[in-house]
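Data block below; observations after.
Since every read-out is calculated from the coordinates, none of them should be taken as a lab result. As the structure is a computational prediction, the values presented were derived from the model and not from experiment. Note that we place each Cβ from the backbone using ideal geometry, even for glycine, and neighbour counts take in every protein chain shown.
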Amino acid sequence: MPAFDIEAAFERLRTFMQRYPKAAMFQLAAEGYDSPFEQLISCMISIRTYDETSLPVSRRLFAKAKTPEAVSQLSVEEIQTLIKASTFADRKAAQIHAIAQTLVDQYAGELPCDAEVMLGFKGVGPKCAHLALGIACQQPYISVDVHVHRVVNRWGYVATKTPEKTTAALAAKLPQSHWIETNQILMPFGKHICKQRPRCAICPIEPMCPKLGVG
């Protein structure tokens with residue numbers, strides 16, 4: 001089987017995916033919620049929550065408070081009320097408040113573009129840290145969710161069992177110029193087109209896709 005042409009795949013998808021909703025964090029960035037803090041908190045809100053819910057929840061929180069200082073002045077209960085539609089809202093509210101307070105106390109109210117700092121916060125994993133660093137800080141990071149994991153394995157570009165292993169495999173193989181674009185394009189592509197039951201009939205990648213694992 002010939003090697004999958006990743007450059008051709010990205011070229012085809014850049015135009016094709018413009019007709020579909022943006023990945024949540026990129027949509028918020030386009031609306032001006034593009035600081036490292038806003039991106040990190042929005043990603044936390046989105047965990048285990050559909051974009052259709054997490055997007056308005058993030059907007060509701062930021063309409064009330066969008067900086068670490070402003071969020072730190074809210075009570076945990078107030079934050080929980082604002083994000084109550086998000087899954088695990090009580091846990092996330094406490095974590096968000098703690099992050100905001102730490103940034104005020106230790107970082108002059110600004111979240112630095114530093115992976116170690118972000119990953120040091122309770123409730124923040126590699127996916128959210130990497131998204132915030134990629135979108136808000138323009139640092140080359142790959143964030144892999146179930147959609148990206150499924151797509152690149154279905155293409156045969158990597159052969160991995162978990163999103164964590166896919167992240168490592170892509171970091172070793174994929175050109176850095178595509179790292180942020182992977183989040184931007186393949187997340188919505190996996191959500192809307194290359195789903196668990198893929199919509200191959202309308203997929204621009206179909207002629208070159210080996211469809212690995214597709215029944």
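With label points built 7 Å along Cα→Cβ from the Cα atoms of residue 164 and residue 115, find their separation and express it in nm.
Output for this residue pair reads 1.5 nm.
How large is ³J(HN,Hα) for each residue in segment 120-136, as worked out from phi by the Karplus curve 6.51 cos²θ - 1.76 cosθ + 1.60 (θ = phi - 60°), to whole Hz, x for Gly and Pro?
Per residue, the Karplus-derived 3J(HN,Hα) values read x, 7, 5, x, 10, x, x, 4, 6, 4, 5, 4, 4, 5, x, 7, 7 Hz.
Between residue 27 and residue 52, how many nm apart are label points set 7 Å from Cα along the C-beta direction?
Rounded to a tenth, the inter-label distance reads 1.0 nm.
Under 14 Å from the 7 Å Cα→Cβ point of residue 199, by amide nitrogen: which residues of segment 3-32?
Answer for this model: 16-22.
Just want the ordering: 17, 118, 208, 25, from fewest to most Cβ atoms lying within 10 Å of their own Cβ.
208, 17, 118, 25
What share of all Cα pairs of the chain, in percent, falls into each consecutive 5 Å distance bin?
1, 7, 15, 19, 18, 14, 10, 7, 5, 2, 1, 0
Counting other C-beta atoms within 10 Å, which of 145, 114 has the fewest, and how do the rest follow?
114, 145
Could you give the length gained by full extension between residue 181 and residue 77, i.e. 0.36 nm per residue of separation minus their alpha carbon distance, to one decimal place?
Additional length available on full extension: 33.8 nm.
Going by alpha carbons, how many degrees (0 to 90, nearest 10) lie between the helix axis of 36-46 and the longest principal axis of the chain?
70 degrees
Once each part is reduced to its C-alpha centroid, what is the distance from segment 192-212 to segment 45-80 in angstrom?
Answer, in whole Å: 35.
Lysine pairs, Cα distance under 16 Å, 8 or more residues apart or cross-chain: how many in segment 68-215?
Close lysine pairs under the 16 Å cut-off: 6.
If you keep only loop residues by DSSP, which trypsin sites (Lys or Arg not before Pro) in segment 111-215 have at most 14 other Cβ atoms within 10 Å of their Cβ?
Passing both the DSSP loop test and the Cβ count: 122, 161, 195, 199.
Give me the log10 of I(q) over I(0) for segment 24-135 at q = 0.09, 0.17, 0.21 Å⁻¹, as the Debye formula computes it from C-alpha points; what are the numbers?
With no solvent term, the Cα-only Debye profile gives -0.18, -0.70, -1.14.
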